Amino acid sequence: MSRTILITGAGRGIGRALAEHYLDKGETVLATARDTGDLADLVERGAEAFELEVTDQNQIDRLAADLGDRPIDVLINNAGVIGGKGPQTLSNLNQDDWAETMRINVFAPFRITEALVGNITASAGKTVAIISSRMGSIDQNASSEKIVYRTSKAAVNQVAKALHNGLHSQGVKVVPLHPGWVATDMGGPGAAVTPEDSARGLAGVIDNLRQDQSGRFWDYQGQELPW
């Protein structure tokens, strides 16, 4: 019996690669994007498309209403942004970009999970994954650059930990995941990991996640990362 996998930001990059991976495995894929036209080829392969601007609470509520009480085995909060152009340093940081990045990278995964928690707990899989980044690790930060992006990923790691604390008693597993440095629009063409390899690794971690691994920080190769 196939599982139901909901992936935000499935129109491109890692989200698209994850959707393709799970479709290849015969899973039921619910794909979201700001423009469902970006999902047309996934729909042709059997995915279901949902319009979702992740910062729009009305659209989050509409998604929840459209899904009703339908169980979701795996929710992958993938949609995210790098946080504006430039080095994002002490003397070169746009606070409007910072606020918008927090809305997309931090508030949205919380609100989407909150809206769909009934669907998640009704499933057999009971898994929530948040695509984070090793750049959110405070322990591993030796740079003064990318402050906007780093702080958003450190914050969403706290969101994942808090969701774990609130949901583990119901059997829900919640993890933030580092996808690697991936050759996407965000990661750039010089990145070391293809979207397909990242998606394959992420799915392997998600699919084999044990309850005692919930609330911890993992990379796409299954290695635990420091906070």
Scanning region 64-103 for residues that are among the small types (Gly, Ala, Ser), assigned to a loop (DSSP other than H, G, I, E, B) and in contact (Cβ under 8 Å) with a residue 40 or more places away in the chain, the one surrounded by the fewest Cβ atoms within 10 Å (Cβ to Cβ) turns out to be GLY84
Filtered residues of region 52-107 (kept if within 24 Å of ILE5 (Cβ to Cβ) and basic (Lys, Arg)): ARG62, ARG70
Close pairs (7 angstrom Cβ cut-off, 6 or more residues apart or separate chains): in contact (Cβ under 8 Å) with a residue 12 or more places away in the chain in region 215-227, surrounded by fewer than 18 Cβ atoms within 10 Å (Cβ to Cβ) and among the aliphatic types (A, V, I, L, M) anywhere: TRP227/ILE138
Would you check if ASN165 is at pLDDT 95 or above and either surrounded by fewer than 22 Cβ atoms within 10 Å (Cβ to Cβ) or in contact with a strand residue (DSSP E or B) (Cβ under 9 Å, 6 or more places away or on another chain) (or both)? yes
Tally, over region 139-158, of residues that are surrounded by fewer than 21 Cβ atoms within 10 Å (Cβ to Cβ), closer than 12 Å to PHE217 by Cα and of a type in the set (A, V, I, L, M): 1
Can you confirm whether region 68-83 contains a residue that is closer than 26 Å to ALA99 by Cα, over 18 Å from the mean Cα position of the chain (by Cα) and of a type in the set (D, E, K, R)? no
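The values are calculated or read from the model by the stated rules, or taken from the named source; none is laboratory data. Quantities reported herein were computed from a predicted structural model and do not represent experimental measurements. Methodologically, a virtual Cβ is constructed for each residue, glycine included, from the backbone with ideal geometry; neighbour enumeration extends over all protein chains shown.
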